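Read the structure below first, then the notes.
The values are calculated or read from the model by the stated rules, or taken from the named source; none is laboratory data. All values reported here derive from a predicted model rather than from experimental measurement. Here Cβ is always computed from backbone atoms with ideal geometry, including for glycine, and neighbour counts include all displayed protein chains. Quick note on the areas: whole protein, heavy atoms, side chains included, nothing else; ligands and nucleic acids left out. Shrake-Rupley method; radii C 1.70, N 1.55, O 1.52, S 1.80 Å.
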Amino acid sequence: KEKARDVLNFSPSEIILLSVGRLIKRKGHALVIEALESLITAYANIRYIIAGNGPEEENLKQLIRKKGLEKHIEIKNDIKDEELPLYYCMSDIFVLPCDYIPPNDIEGFGIVFLEANMYGIPVIGGDRGGIQEAIVDGKSGCLINPKSIDNLIERLSDFIENPKKRTEMGKFGRKRVKKEFNSLNTSDELSALTRVSRSGTINDINLAGHGIW
């Protein structure tokens, strides 16, 4: 983690939250921004990295400015695939409180949560759609009500206060992904899951070029 932060010029003392995904309303980035407005009063060293692009980018930037959180939140819409492992490795918590937007806009299986777990990061996701299958609540991460900012603040605060819990959930998540999803034998599922490693296999995450692993 320290080496990844050194490469990306982030401080080792920061608590780094990460979201990866298209910038659309359903993903819940705005809820995280709202939560940070409260959290920074107690945890001034929080940084939130939003990796992705999409139609909500300008709205999210406006919300960040409105809340005065420019020093704490950064939208990075130009991260290359080969750079993304560094962002996972340096992060403390992956958060994406996806919601359901009627009539049919809902998250599928939630591959990105497995992707984060593969890097040993605990995850927080909305208890909607396929995310309920991607996250083992209380073990690989936490499911929250994506309409409840208090629920999100509670879970984030708990993770921030308990680094041991973060480590244990991250380890559980990594072991689960390697054990339960290596045996998939459909080409579509394997194609999606091998995105986790960015190197072609789910078992071997290749960060040697960055001197990380």
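Summary of values
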read-out: Every residue from the stretch 147-163 that is in contact (Cβ under 8 Å) with a residue 24 or more places away in the chain, charged (D, E, K, R) and surrounded by fewer than 20 Cβ atoms within 10 Å (Cβ to Cβ); value: K147
read-out: Condition check for S13: open to solvent by 70 Å² or more (accessible area, probe 1.4 Å) and closer than 23 Å to S157 by Cβ; value: yes
read-out: Residues being under 13 Å from P97 (Cβ atoms), open to solvent by less than 30 Å² (accessible area, probe 1.4 Å) and at pLDDT 95 or above - total across the stretch 114-146; value: 9
read-out: Matching residues in the stretch 21-35 - criterion: being in contact with a helix residue (DSSP H, G or I) (Cβ under 9 Å, 6 or more places away or on another chain) and either modelled with pLDDT under 95 or basic (K, R) (or both); value: G21, K25
read-out: Single condition V7 does not satisfy, out of (1) in contact (Cβ under 8 Å) with a residue 40 or more places away in the chain; (2) among the hydrophobic types (A, V, I, L, M, F, W, C); (3) out of contact with any His (no Cβ under 8 Å at 6 or more places or on another chain); (4) open to solvent by 20 Å² or more (accessible area, probe 1.4 Å); value: (3)
read-out: Residue that is most open to solvent (accessible area, probe 1.4 Å), among those in the stretch 16-49 that are within 18 Å of P85 (Cα to Cα) and not small (G, A, S); value: R22
read-out: Spans of helices (runs of 4 or more DSSP H) in the stretch 121-180 with at least 2 residues farther than 14 Å from G28 by Cα and basic (K, R); value: 163-180
read-out: Matching entry among R176, R166 (being in contact (Cβ under 8 Å) with a residue 12 or more places away in the chain, over 16 Å from the mean Cα position of the chain (by Cα), open to solvent by less than 60 Å² (accessible area, probe 1.4 Å) and under 24 Å from C89 (Cβ atoms)); value: R176
